[in-house]
Amino acid sequence: PYEVYDTKELQRTLKRKPYYKDAVEDIITRLMSGLPVWPYQSSKISLLEHSDPLLAGWDIYHFHLSTEKDDKNPYFFKRTNDLLFAMRKGKYFLLLDILPHKWKSFIDTWLLEIAKKYWPEAVHTFRGNLAYAPKPKHHYDLVNRRYINIPHQKNSEVYIPLGVASEGTAGKAVM
């Protein structure tokens with residue numbers, strides 16, 4: 001079981017999109033009860049060749065927000081255009097926000113900025129002093145080609161991922 005916390009950003013989004021409240025509450029209940037949350041995760045979760053760059057590099061999970069079973073794969077809930085993003089450290093989950101399921105959500109520093117605001121010690125280790133980081137579209141192309149150890153820059157701060165092995169898995173998983 002995990003201790004689960006949310007953010008003001010998530011609370012604001014749920015006010016604008018109340019139709020996701022049931023799924024978010026179920027995810028929270030599952031996390032706090034030690035029940036599996038994988039039915040809300042990517043249906044590719046069991047494929048060894050699939051790697052989620054946010055999870056591998058930043059310990060940020062994403063969850064689909066339907067409470068209806070998927071017709072194609074009843075082990076999972078239906079896929080949604082919006083995703084709940086959450087960061088895990090040890091026995092804690094911080095529910096960050098709900099963002100669109102598109103490439104920019106996976107490389108934008110917004111999620112790291114939210115995490116840093118509420119949980120500075122979880123992100124502090126990822127700050128760097130590099131002079132260069134790729135622009136967003138180029139960054140996405142690199143991440144898509146599995147060059148996942150790419151820094152993210154926002155103003156004068158550079159966030160550096162945890163470390164990802166060359167095949168795209170989290171470095172800590174293969175050490």
Residue-wise, which Karplus ³J(HN,Hα) couplings in Hz belong to segment 91-99, taking 6.51 cos²θ - 1.76 cosθ + 1.60, θ = phi - 60°, and x for glycine or proline? 9, 10, 10, 10, 7, 7, 5, 10, 9
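Just to confirm a number: summing +1 for Lys and Arg and -1 for Asp and Glu over residues other than Tyr61 whose beta-carbon lies under 13 angstrom from that of Tyr61, what do you get?
Net of charged neighbours comes to 0.
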Gyration tensor (alpha-carbon) shape descriptor, segment 34-94, a/c threshold 1.5: prolate
Accessible surface of segment 11-82 [probe 1.4 Å, protein heavy atoms]: carbon and sulfur percent: 54 percent
Where only protein heavy atoms count, and the probe is 1.4 Å, what is the accessible area per residue for segment 1-79 in Å²? 60 Å²
Per-peptide average of other Cβ atoms within 10 Å, ordering 68-78, 109-119 highest first: 109-119, 68-78
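In this model, which of Lys17/Lys91; Lys8/Lys117; Lys21/Lys89; Lys91/Lys116; Lys21/Lys44 are farther than 22 Å apart at the alpha-carbon?
Numbers: Lys17/Lys91 28 Å; Lys8/Lys117 11 Å; Lys21/Lys89 24 Å; Lys91/Lys116 18 Å; Lys21/Lys44 24 Å.
Table pairs above 22 Å Cα-Cα are Lys17/Lys91; Lys21/Lys89; Lys21/Lys44.
The values are calculated or read from the model by the stated rules, or taken from the named source; none is laboratory data. Not measured: the values here are computed from a predicted model. For neighbour counting, all protein chains shown are included, and Cβ atoms are generated from backbone atoms with ideal geometry for every residue, glycine included. The accessibility values were calculated without ligands, DNA or RNA, using every heavy atom of the protein model including side chains. Shrake-Rupley method; radii C 1.70, N 1.55, O 1.52, S 1.80 Å.
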